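Notes for the one structure printed next.
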Amino acid sequence: MYFFQSLEEEIMINIFKYIERPMNLILTCQKWSNVARNSRAKAEWLITQHGKIHALFYAVGLGPTFINVDVCEVLITERKVVISECFIRKLLDHFGTLDQKLIELKMEHNVEPFEFGTSSWASDLPLSVFTYLITKGYDNASRDLTLNLGDMELFHNCNISGGRENQYLNLANFPFIE
């Protein structure tokens with residue numbers, strides 16, 4: 001009997017991960033609602049919809065009703081998603097509640113003009129999840145000091161594809177490039 005329940009759950013998770021907007025499916029019956037609460041199903045859905053590089057970023061963005069330590073553990077230990085240095089920096093910058101007075105002072109004095117918003121990406125992240133992600137990010141950085149794909153992609157998107165390639169790559173210094 002357990003084998004068939006496990007097989008049914010496996011099939012449902014496999015279907016669930018391909019659903020672009022699962023809310024309607026979740027509302028259809030209790031079985032789908034249970035699948036949606038399953039940490040492995042959430043992890044598979046994130047990886048299928050957003051890839052291993054962006055899975056943690058979107059998980060944090062979905063908030064405390066979606067992300068928990070179990071989901072993070074499945075993503076990081078079982079599915080080996082990328083924990084980029086950029087992700088950890090962004091998490092450190094945005095964790096916690098926003099201070100409206102500080103935002104007003106920054107705006108008044110033209111500090112960080114492009115980083116304002118009414119709500120922060122990780123402002124309502126549970127402390128247990130924040131601690132787990134920071135710890136795993138630190139462990140990952142201690143093991144692997146190479147530049148990973150997420151950081152390279154971010155650098156390319158922000159600098160090269162934005163038309164600023166000549167700012168970072170002065171072709172006069174490379175006479176063999178025409």
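Please give the length that would be gained between residue 121 and residue 23 if that part of the chain were fully extended, namely 0.36 nm times their separation in residues minus their C-alpha to C-alpha distance (nm, one decimal).
Extra length from residue 121 to residue 23 when fully extended: 33.1 nm.
How far apart, in nm, are two points set 7 Å out from the Cα along the Cα-to-Cβ line at residue 77 and at residue 89?
Rounded to a tenth, the inter-label distance reads 3.0 nm.
Taking the Cβ of each residue in 25, 7, 75 as the centre, tally the other Cβ atoms inside 10 Å and list the residues starting with the fewest.
Result, fewest neighbours first: 7, 25, 75.
What list do you get for 136, 42 if you sort them by fewest beta carbons within 10 Å?
The order, fewest Cβ neighbours first, is 136, 42.
Each reported figure results from applying straightforward, stated rules to the coordinates on display, with no laboratory input. All values derive from a computational prediction rather than experimental measurement. Don't worry about glycine lacking a Cβ; one is built from the backbone with ideal geometry, like all the others, and counts go over all protein chains shown.
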